[in-house]
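Trainee: Sharing a structure, written as structure tokens. Questions coming.
The values are calculated or read from the model by the stated rules, or taken from the named source; none is laboratory data. This one's a predicted model, so the numbers in the text were calculated from it and none came from an experiment. Here the Cβ positions follow ideal geometry from the backbone for every residue, glycine too, while neighbour counts run over all protein chains shown. Each accessible area value is taken on the protein alone, full model and side chains, heavy atoms only, with ligands, DNA and RNA left out. Shrake-Rupley method; radii C 1.70, N 1.55, O 1.52, S 1.80 Å.
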Amino acid sequence: MQFSVVLKSAVLRNIAKKTCKSAVLKDSVRNIGTSSLRHSSFKVQDQKDFQERVKNSKVPVIVDFFATWCNPCRMLAPRLESVIAEKKGEVILAKVSSVPVLVAIKNGKVADRMVGLQDTDQLRKFVDRVIG
């Protein structure tokens, strides 16, 4: 009986790993294939990258803290990327692997923040507050 439970757990873990890998790959392909998003968003690689590209940015930056396993994060990403792309360079999106928290950095300081899954209208208002 115990062996059966362990085997089922191992099988489920493998399925979850494969699903997560394909979701990450799918997200990467989507981001690479869209030229307007390529210029308005990027993934933060490390603390130095955050300092150079976020804190020292000449335009406002929305920082998206996300996790690849987080369903609300995956639902939020395309909506947010779309709203950011609409602004055509007035604001950029920095993605940091974490949870769904958005932090707007303006002139090197936190200007605003949002937590959790947001609808497109709320995201638009958030971005407009950061720009305005």
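Trainee: Which loop trypsin sites (Lys or Arg not before Pro) in the stretch 103-132, with loop taken from DSSP, have no more than 14 other Cβ atoms within 10 angstrom of their Cβ?
Mentor: none
Trainee: Which pairs, out of Lys48/Lys87; Lys48/Lys88; Lys58/Lys88, put more than 22 Å between their alpha-carbon atoms?
Mentor: Lys48/Lys87; Lys48/Lys88
Trainee: For a label point 7 angstrom out from the Cα of Lys43 toward its Cβ, which stretches of the stretch 98-116 have the backbone nitrogen within less than 20 Å?
Mentor: Backbone N within reach: 98-103.
Trainee: Just add up the charged neighbours of Gly132: K/R +1, D/E -1, any other residue whose Cβ is under 14 Å from the Cβ of Gly132.
Mentor: My count for the surroundings of Gly132 gives +2.
Trainee: In Å², and per residue, what accessible area does the stretch 35-132 have when probed at 1.4 Å with the other protein chains present?
Mentor: 55 Å²
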